[in-house]
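The next block holds one structure in the form of structure tokens; read it before the comments.
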Amino acid sequence: MSGFFKSSIGRKYAMALSAFFLMIFLLQHFAINFLSVFSPEAFNETSHFMGTFWAVQYLLQPVLIFGVIYHFVMGFILEARNRGARVSKYAKNNGGANSSWMSRNMIYSGLAILAFLVLHFIDFWIPEINTKYIQGDMTGLLADGEGYRYYEELTHKFVSPLRVGAYVVAFIFLSLHLMHGFSSAFQSVGATSMRKKKLQTFGKAYAIIIPLGFIIIALYHHFNH
Amino acid sequence: MVDYKVTDISEHMSFLEMMDVLNEQLINKGEEPVAFDHDCREGICGMCSMYINGEAHGPDRGVTTCQLHMRMFKDGDTITIEPFRAKAFPVIKDLVVDRSSFDRIQHAGGYISVNTSGNTQDANAIPISKYAADEAMDAATCIGCGACVASCKNASAMLFVGAKVSQYALLPQGRIEAVDRVKNMVAQMDLEGFGNCTNTGACEIECPKGISLENIARMNREYLSAHIKD
């Protein structure tokens, strides 16, 4: 396998594999968050399990962080290389005649998602790491000790209409990114055309349902707090 | 960019015939004619290029520039004509670009080695499934015009290389050198400075021969398989 990941096709595989991992992560993130709409108790229990189980914290979390960073960094490297492959731009280019807006602007939808991730990390991940690993409080309990803190923290974050608005916009960009990214990842790993038709339909459904679900969760907590 | 006014154009003329008329009018006025590539003028040789109104080979589908007719445009239209733009296709003059990077990719592995001593097995004696024969023939219709590179926002050559890899990979004669072929052709493609494919599908739409994206997927599978076997 020497030199595989240094080649243009090897990098396509690497981008696709990191995308698969992130799409699976997104699915489980959505499933857990959706619990908060139906059952605060179930959401609290699942969040506590995910937040304290060693395999999630010390194995999957580092893999996830690596996957996110890799996908972004490789995305930027490939974009820079691709821009360099056409030094002199067309005076007139009718991109809309042969490709979707989403497919031509993955870097911009990706940048919007990156900006959202910064906000999301400041909102949830950094306070979580601070509570657990700096202050050393692994109990997951509220300050008064009356039940778990996760549901309270979640709903508290969605009080601000500005934050909810930012989340909604970010999920629209996520949907646009997935609209091309889902089927593109399968094409990159060589999915055959027969399977591709079904994958494209499934991909479009995934690209709409998951971000829409996240939007519904944010709006639900905003209007029910 | 230079603006030219061209008159006496029939809607039945091909785009290249319009260019001929333009050049004739320019020569008659004592001006320098516009240099452009052409040869067979029947959509086979892959010589004509031109990025017309923002699309490789113009607004029609499944045709090369020589097969594009002036009836696709309105009388009085301003048509923007540019050369195929890519770092790996340097402009020689006006609308003429150097596509020898494609030749070098072909030389890197786009062939089969045959012993011509007289004992070579008749190719027709080797059974091939109808599906493989059709797919290989479809891939082999690539004329190497470079419209895929010109249309791709990344100036990627993967549709061309995918077609050239596929036309051999699908046939028993091509399997023998399949591992080295895909590795060498992809290495040469990367060396030439083409961009990376991001699966926008623009190449497939603009390809005058309708080469399918499936050929890129097949090349990706071949490339992975070649590295695992090696």
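A short reminder: the numbers here are calculations on the coordinates, not readings from a lab. On a predicted model such as this, the values are computed, not experimentally measured, just so you know. Note that each Cβ is placed from the backbone with ideal geometry, even for glycine, and that neighbours are counted across all protein chains shown.
Remark: region B:92-107, residue by residue, has Karplus-estimated 3J(HN,Hα) of 8, 6, 6, 9, 9, 10, 8, 9, 5, 4, 5, 4, 5, 5, 4, 5 Hz, where x stands for each Gly or Pro and the curve is 6.51 cos²θ - 1.76 cosθ + 1.60 at θ = phi - 60°. Loop-resident chymotrypsin sites (Phe, Trp or Tyr not before Pro) (DSSP state other than H, G, I, E or B) in region B:1-62 with no more than 16 further Cβ atoms inside 10 Å of their Cβ: B:Tyr4.
In chain B, excluding the sites themselves, the longest stretch lacking any of the trypsin sites (Lys or Arg not before Pro) that are in a DSSP loop with at most 10 other Cβ atoms within 10 Å is B:75-230.
Both radii come from the Cα set of chain B: Rg as radius of gyration, Rh as Kirkwood radius; their ratio Rg/Rh reads 1.04.
Magnitude of the charge dipole for region B:74-150, about its Cα centre and with charges confined to Cβ atoms of Lys, Arg (+1) and Asp, Glu (-1), is about 280 debye. Using the Karplus relation 6.51 cos²θ - 1.76 cosθ + 1.60 with θ = phi - 60°, the per-residue 3J(HN,Hα) values for region B:184-199 come to 5, 5, 5, 4, 5, 4, 5, 5, 6, x, 6, x, 8, 5, 10, 6 Hz, with x marking Gly and Pro. In order along region B:11-22, phi translates into HN-Hα couplings of 5, 7, 5, 7, 4, 5, 5, 4, 5, 4, 5, 4 Hz, rounded to whole numbers, per the Karplus curve 6.51 cos²θ - 1.76 cosθ + 1.60 with θ = phi - 60° and x for Gly and Pro. With the simple model of a label 7 Å out from the Cα in the direction of the Cβ, B:Thr116 to A:Phe202 spans 4.9 nm. What is the distance in Å between the Cα centres of region A:64-110 and region B:112-189? Taking the Cα centre of region B:112-189 as reference, the centre of region A:64-110 is 28 Å away. Of all the C-alpha pairs in chain A, what % are more than 34 Å from each other? Looking at chain A, the distances longer than 34 Å represent 22 percent of pairs. Shielding by partners for peptide A:74-82, expressed as the average number of C-beta atoms from other protein chains within 10 Å of each residue's C-beta, is 3. The alpha-carbon atoms of the protein assembly as shown, seen along their principal axes, cover 92, 63, 35 angstrom, with the largest extent given first. Between B:Val97 and B:Ile92, the built amide H atoms are under 5 Å apart, and every one of these is 5 or more places off in sequence or on another chain. Inter-chain neighbour count for A:173-184: the average number of beta-carbon atoms from partner chains within 10 Å of each residue's beta-carbon is 1. Adding -39500 (n - 2.57) for every DSSP H run of four residues or longer, then dividing by how many residues chain B holds, sets the calculated 222 nm ellipticity at -11500 deg cm²/dmol.
Using a cut-off of 30 Å between Cα atoms, the listed pairs A:Lys196/B:Lys153; A:Lys12/A:Lys157; A:Lys132/A:Lys204; A:Lys197/B:Lys74; B:Lys93/B:Lys164 include A:Lys12/A:Lys157; A:Lys132/A:Lys204; A:Lys197/B:Lys74 as exceeding that distance.
Taking label points 7 Å from Cα along the Cα-to-Cβ direction, A:Glu45 and B:Asp180 give a separation of 6.3 nm.
The GluC sites (Glu not before Pro) of region B:1-97 that meet both conditions, a loop assignment by DSSP and at most 10 other Cβ atoms within 10 Å of the site Cβ, are B:Glu42. In chain A, Cα pairs under 8 Å separated by at least six residues give a relative contact order of 31 percent.
Size of the dipole of the protein assembly as shown about the Cα centre, Lys and Arg at +1 and Asp and Glu at -1 on the beta carbon, nothing else charged, in debye to 20?
It works out to roughly 660 debye.
Ranking B:Val114, B:Leu95, B:Met72 by how far each Cα lies toward the positive end of the dipole of region B:66-135 (charges on Cβ) leaves B:Leu95 at the top.
For chain A, the residue among A:Asn93, A:Met106, A:Ser183 whose Cα projects farthest onto the positive side of the dipole built from Cβ charges is A:Asn93. Inter-label distance, A:Arg83 to A:His225: 3.7 nm, where each label sits 7 Å from its Cα along the C-beta direction. What you get for chain B, charging only the Cβ of Lys and Arg (+1) and of Asp and Glu (-1), is a dipole of about 840 debye around the Cα centre.
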